[in-house]
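Peer 1: Pasting a structure here, questions to come.
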Amino acid sequence: MRHYAGVTGGGVIHLLKHLEPMVVPDDGVERPVFFNVGEYVAGFIPLGYYLASGKISAAIATTGAATRLLTCGLSDAKLHNIPAIYLIPLSPADTRYRAPLQDTSADGADVVAQLRAELPSGTFVLNDPDSIEEQLEEARKQLDQGSPIALLMPPEALGKVVPEPVLTPWRGDYAHKPNRIDHGSLAHFLAEFPRQSAGRRVIVLAGEEAAMYPYMPVLTTRLCKALQAPIVWSINGANAVARNNSFGFGYLGFGGNDRAMQLWKSLGPDDIVITLGFCPDEYTLNFSDIPAHTTWNFTNLTAPYGSVGGEFRHRVRGEYFDVRGPIDQVLSEAIGRLEGLQLQRPPAPAFVADLNDRKILPPRAGTIDIARFYQEIDCQWQSGSIAFDDVCLAYKDRQYVTQRPHPNVRFHSLYRGSAMGGALGAAIGAKLAKPEATVFAFMGDGCFRLIAGCLAEARSLGLVLYVLDNGALGIMVQGLPVVIPDYSSDRYHSDLYRIDFGSMARACGWTSRKLMPDLSNLAEIMRESYSPGHPSILVEVPVDAEQVVGQNPRANNL
């Protein structure tokens, strides 16, 4: 492991003194380096690092408020099944009952209990030099299964010399272990699925676990063709689908496309569903169960978020089966067998170019048309781009407008924890992992307030940050008329004071641009974004908070 990020002080001083500071541009030499950036942002860096490269990195903070800030990222890592390491010190044991500064003991913050409540199997107190090798091996198993870990460091134990642990080689890449196909579950699928699906409609849902495998777009296209099955996808599951898949019906759920939502709502007890990594979250399934005759879930995770006993049987009404192993390997073998069977099935629905039915009203004067913005930027992605949507209108509107994933850019959204501002840390992590990539983040003016103090540290990374400036918490402006229709808008508490984002960015060493309301300079901004050697760029985007684009089914839950 090469990259560490966080802030020094207190309990981590004597750990960080062994790490060199990271300099930009990074020389790429394989030695551990430390990137100094505020704890809230640092906590999300391992997530972006993994999503960009499939490799592990670590976030570090001292005790007290620093730990709480850092572990906001840990929560999203858990909820999105992303392996990440969090290094956190503890107060010396002999200071208990002596009121130490930032007391982590059971009498103070009780940090061990807090973290064990969130990561019951992933919290390790490294308090015994004789057992550290065993603990690290168990920690690695957690990482192999897509789970973050917290390594808690009592100073009295870490001050002792221990033998270097003997650990077996570990790749730590996209393919979560166990890295073997469960041939029993695959044989069951190949025996039962053809008989069970005869004459029935089959619908495929691509989840974010499938998106962890680089060649999934080719496989999902083959699967849909072999089964004549339409496919829908979650926000992140889009990365597992090819844009030219003629069976594609769009994004499902929050910000979802109209045709995808119509198809999913038509599911009934005669249908068969194949999930490529089950997506149980509210933004995808909106608390509903899958009402199909049978659901087949392809997965390589033993205990993913939202599962019970490692399964999602509780989220379906009909039969449920797991097909276990690396999804790309299992799917490839299954498709090879299914393609030659010429299965009898209802004809596939006709290809539809436009996946939406709703008419989007224009914005107010002086602001951009957000729908046209996403349409035009979707034509300008260059190969190898990485982008992150923050917790704002961006993570609802983009997918509705673009409808299908773009082959030149992988978009990621950390929506399950819904932590505003996390996109900057994720973008930094992606850039550290892949310096050659152009990395974008789309952030609201509310999100910006949580990370603005860390812009200076990211000045030389060459990031591109689009700030959607509508002077409001836009999700609230659009959702609360549904949630509290009998109250006036002044009770939404959604107004924000305007900020000169460009001046703030320039003061922190960034360059800034302001997008014209008619989008006339968007192409120029994108060309600059892809030019080599530029400092980080902040783009101010004037947005109308009341222009409703993507839909928010969750508002009805509230």
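Peer 1: Considering only segment 227-251, how many residues are aliphatic (A, V, I, L, M) and touching a residue at least 60 places away in the same chain (Cβ under 8 Å)?
Peer 2: Going through segment 227-251, the residues aliphatic (A, V, I, L, M) turn out to be 227, 229, 231-232, 235, 238, 240-242.
So of that shortlist, the ones also touching a residue at least 60 places away in the same chain (Cβ under 8 Å) come out as 227, 229, 235, 238, 241-242.
Count: 6.
Peer 1: Then there's this: For segment 101-115, enumerate the residues that are buried (at least 17 other Cβ atoms within 10 Å of the Cβ) and not aliphatic (A, V, I, L, M). Walk me through how you get there before you give the answer.
Peer 2: Looking only at segment 101-115, we keep the residues that are buried (at least 17 other Cβ atoms within 10 Å of the Cβ), and these are 102-105, 108-109, 111-112, 115.
Hits for segment 101-115 are Q102, D103, T104, S105, G108.
Peer 1: Which of the residues that make up segment 112-159 are farther than 20 Å from G309 by Cα and assigned to a loop (DSSP other than H, G, I, E, B)?
Peer 2: The answer is L126, N127, D128, P154, G159.
Peer 1: Going through segment 93-109 one residue at a time, which ones are among the charged types (D, E, K, R) and at pLDDT 85 or above?
Peer 2: Correct list: R96, D107.
Peer 1: Right, another one. If I ask for residues that are polar (S, T, N, Q) and surrounded by fewer than 16 Cβ atoms within 10 Å (Cβ to Cβ), which ones from segment 497-523 would you list?
Peer 2: Once the filter is applied, which keeps residues that are polar (S, T, N, Q) and surrounded by fewer than 16 Cβ atoms within 10 Å (Cβ to Cβ), segment 497-523 yields S503, T511, S520, N521.
Peer 1: If you check A458 against the conditions, is it modelled with pLDDT of 90 or more, touching a Ser or Thr at 6+ places or on another chain (Cβ under 6 Å) and of a type in the set (A, V, I, L, M, F, W, C)?
Peer 2: In short, yes.
Peer 1: Right, next: Out of G422, G366, I need the residue that is farther than 15 Å from G256 by Cα, in contact (Cβ under 8 Å) with a residue 12 or more places away in the chain and touching a Pro at 6+ places or on another chain (Cβ under 7 Å). Which one?
Peer 2: Sole residue among the options that is farther than 15 Å from G256 by Cα, in contact (Cβ under 8 Å) with a residue 12 or more places away in the chain and touching a Pro at 6+ places or on another chain (Cβ under 7 Å): G366.
Peer 1: How many residues does segment 2-56 contain that are out of contact with any Ser or Thr (no Cβ under 7 Å at 6 or more places or on another chain), in a loop (DSSP other than H, G, I, E, B) and modelled with pLDDT under 90?
Peer 2: Qualifying residue count, segment 2-56: 8.
Peer 1: Would you check if there is a residue in segment 447-459 being assigned to a loop (DSSP other than H, G, I, E, B), touching a Cys at 6+ places or on another chain (Cβ under 6 Å) and crowded, with 21+ Cβ neighbours inside 10 Å?
Peer 2: yes
Peer 1: With respect to T67, determine if the residue is assigned to a helix (DSSP H, G or I) and either on the phi > 0 side of the Ramachandran plot or among the hydroxyl-bearing types (S, T, Y) (or both). Quick ask: steps written out before the conclusion?
Peer 2: Numbers: assigned to a helix (DSSP H, G or I): yes; either on the phi > 0 side of the Ramachandran plot or among the hydroxyl-bearing types (S, T, Y) (or both): yes.
Criteria met by T67.
Peer 1: Regarding S460, is this residue farther than 23 Å from A371 by Cα and touching a residue at least 60 places away in the same chain (Cβ under 8 Å)?
Peer 2: For S460, the condition - farther than 23 Å from A371 by Cα and touching a residue at least 60 places away in the same chain (Cβ under 8 Å) - is met.
Peer 1: Assess whether E540 counts as being in contact (Cβ under 8 Å) with a residue 24 or more places away in the chain, buried (at least 16 other Cβ atoms within 10 Å of the Cβ), part of a helix (DSSP H, G or I) and acidic (D, E).
Peer 2: So E540 fails the test.
Peer 1: S288 fails exactly one of the following numbered conditions: (1) in contact (Cβ under 8 Å) with a residue 24 or more places away in the chain; (2) under 22 Å from N552 (Cβ atoms); (3) in a loop (DSSP other than H, G, I, E, B). What is the number of that condition?
Peer 2: (1)
Peer 1: Of the residues A419, A423, A387, A441, which single one is of a type in the set (G, A, S), within 18 Å of I235 (Cβ to Cβ) and part of a helix (DSSP H, G or I)?
Peer 2: A423
Peer 1: I'm checking my understanding of the structure. Among residues of segment 38-65 that are more than 17 Å from I149 (Cα to Cα) and aliphatic (A, V, I, L, M), which one is nearest to the chain's Cα centre (by Cα)?
Peer 2: The selected residue is A52.
Peer 1: If F254 satisfies every condition in (1) of a type outside the set (D, E); (2) in contact with a Phe, Trp or Tyr (Cβ under 9 Å, 6 or more places away or on another chain); (3) without any contact (Cβ under 8 Å) to a residue 12 or more places away in the chain but one, which is the exception?
Peer 2: Here F254 meets the rest and fails (3).
The values are calculated or read from the model by the stated rules, or taken from the named source; none is laboratory data. Small disclaimer: the values here were computed from a predicted structure and weren't measured. For neighbour counting, all protein chains shown are included, and Cβ atoms are generated from backbone atoms with ideal geometry for every residue, glycine included.
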